[in-house]
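Peer 1: Here you go, one structure.
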Amino acid sequence: MILKRRPLSFAVFFTTLLFCASCSSKKQTSQLPVNPPPIVDVIIAQTENISNIIEANGTIVAGEYVELHPETSGRIVYLDVPEGRFTEQGTVIARIYDLDLQAQLTRAKAQFDLSQKTEERLKKLLDVNGVNQADYDGAVNDVTINKSEVNRLNALINKTVVKAPFSGLVGLRKLSVGAYVTSADAITTIQQVNKLKVDFTIPETYSNVIKKGRTVEVEINADTKRHKALIFATEPQINTSTRNLLVRALLQDGSASPGSFVKVYLDAGGDRNSIMVPANAIIPDTKGKKVVTVKNGKAFFKEIETGNRLAGEVQVTSGLSPGDTVVVTGVLFTRPDKPVQIRTVKQLKDLDQ
């Protein structure tokens, strides 16, 4: 009987040992924390005085600019392009061969003179009833036709002459004497540089601050001195692709080459109190933008509206109040109405460094 009881005692002992080990494992497992709260850094929202200066990219534009093209086809027989120099309005830049037209003009003038003399003789005869009215009317018609032919040929000859349409600087010569040209060929360029303009674009949200006669500051070629420019026109329609408004201003002082890149600064209302938050603290959403705030140890998502964007910071125009605790790191790990653990309270200026 003793030999039969030994295996039973061993089995009972082994079962008891397993049960105790299982209980101990469950106790240790129950002591482990489940989903610990995320660790975040925060800032305390507060108002700051920010400068409401709009910075825009612009381009210097000549007061007047044109490419000089001949109005008719032909061979260039005269060319005077003072490259890079100032020329007066009306100066002849080029001439196209026109001897055939000059010959036609001489003939037309002779016919016109003859028709005029014939009309004068018939007029005297008509006064004494020496000719009928129909003959006189035919003579008058000949005068009109011959005069119109003279005018037509003069117009064609004028098209063979290329003149400076206004006073300005002449560009580089693109053709030589003897070249056959058409109206599609450019001879040179001319531009007026004593009255320079500045073209720049701003977001449509600032279109209400753009007014005719308003002054902007222009920085040319990274010059430390800023020059004044006076707004005198805007494009009536906002660009549907960029949602920007094209503005044109007249440069009051300074000089630059047309086409130069410039920075334009526009005061949109002076300094004002605003709440600034780091750009990485904002969560883009299909309905707008949100930030995470902490209250009583829990995370809350608030919808906000933004304004100006500075280097690494964004202006919050609505949705936040001074004193709100805003999460700036660990934003993606937070969940609405769930606990969070604040590690440090940072300053906005420290985050910019």
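Peer 1: Give me the distance in nm between label points sitting 7 Å out from Cα along the Cα-to-Cβ direction at Lys174 and Thr215, one decimal.
Peer 2: Between Lys174 and Thr215, the label points sit 4.0 nm apart.
Peer 1: When the convex hull of the C-alpha atoms of the chain is computed, what volume per residue in Å³ does it have?
Peer 2: Residue-normalised Cα hull volume stands at 356 Å³.
Peer 1: Give the residues of region 333-353 whose amide nitrogen is closer than 17 Å to a point set 7 Å from the Cα of Ile39 in the direction of its Cβ.
Peer 2: Once the point is set 7 Å along Cα→Cβ of Ile39, 333-334, 339-346 turn out to lie under 17 Å by backbone N, inside region 333-353.
Peer 1: If you bin every alpha carbon distance in region 134-225 into 5 Å steps from zero, what whole percent lands in each bin?
Peer 2: For region 134-225, the binned pair fractions read 2, 8, 10, 10, 10, 9, 9, 9, 9, 8, 6, 4, 3, 2, 1, 0, 0 percent.
Peer 1: Say R0 is 35 Å: what FRET efficiency, to the nearest 0.05, do Val128 and Leu99 get from their beta-carbon distance?
Peer 2: In this case the efficiency is close to 0.15.
Peer 1: Principal axis extents for region 87-246, Cα atoms only, whole Å, descending order, please.
Peer 2: Between the extreme Cα coordinates on each principal axis of region 87-246 lie 86, 43, 30 Å.
Peer 1: Let me ask something additional. Using a 1.4 angstrom probe and counting only protein chains, how large is the accessible area of Asp127 in Å², to 10?
Peer 2: Accessible area, nearest 10 Å²: 100 Å².
Peer 1: Give or take rounding to whole Å, what are the principal axis extents of the alpha carbon atoms in region 179-327, in descending order?
Peer 2: Cα extents, longest axis first: 84, 35, 27 Å.
Peer 1: Considering only protein heavy atoms, what is the solvent-accessible area of Phe112 at a probe of 1.4 Å, reported in Å² to the nearest 10?
Peer 2: Roughly 40 Å² of Phe112 is accessible to a 1.4 Å probe.
Peer 1: Something else now. Treating the beta-carbon of each Lys and Arg as +1 and of each Asp and Glu as -1, no other charges, what is the dipole magnitude of the chain about its Cα centre, to the nearest 20 debye?
Peer 2: 2700
Peer 1: Straight-line reach from Lys174: which lysines fall under 24 Å, measuring Cα to Cα and dropping same-chain residues less than 8 apart?
Peer 2: Lys159, Lys163
Peer 1: With all protein chains present, calculate the accessible area of Arg214 using a 1.4 Å probe and round the result to the nearest 10 Å².
Peer 2: 80
Peer 1: What's the Kirkwood radius of region 276-353 in Å, using all Cα pairs?
Peer 2: One over the average 1/r among Cα pairs gives 12.9 Å for region 276-353.
Peer 1: If you fit an axis through the alpha-carbon atoms of helix 2-31 and take the longest principal axis of the Cα set of the chain, what angle between them do you get, 0 to 90°, nearest 10?
Peer 2: With rounding to tens, the tilt is 40 degrees.
Peer 1: If you average the C-alpha positions of region 89-105 and of region 126-184 separately, how far apart do those two centres end up, in angstrom?
Peer 2: First find each Cα centre; the distance between them is then 11 Å.
Peer 1: Let me ask another. Over region 181-235, how many percent of alpha carbon pairs lie in each 5 Å bin up to the one with the longest distance?
Peer 2: 4, 12, 19, 19, 14, 11, 8, 7, 6, 1
Peer 1: I'd like the distance between the alpha-carbon centres of region 206-229 and region 296-346, rounded to an integer number of Å.
Peer 2: 35
Peer 1: Please list log₁₀ I(q)/I(0) at q = 0.22 Å⁻¹ for region 267-316, using the Debye equation with identical point scatterers on the alpha-carbon positions.
Peer 2: -0.86
The values are calculated or read from the model by the stated rules, or taken from the named source; none is laboratory data. Since we're looking at a predicted model, the values are computed, not measured. Cβ sites come from the backbone with ideal geometry, for glycine too, and all protein chains shown count toward neighbours. Keep in mind that these areas ignore ligands, DNA and RNA; they rest on the heavy atoms of the full protein, side chains included. Shrake-Rupley method; radii C 1.70, N 1.55, O 1.52, S 1.80 Å.
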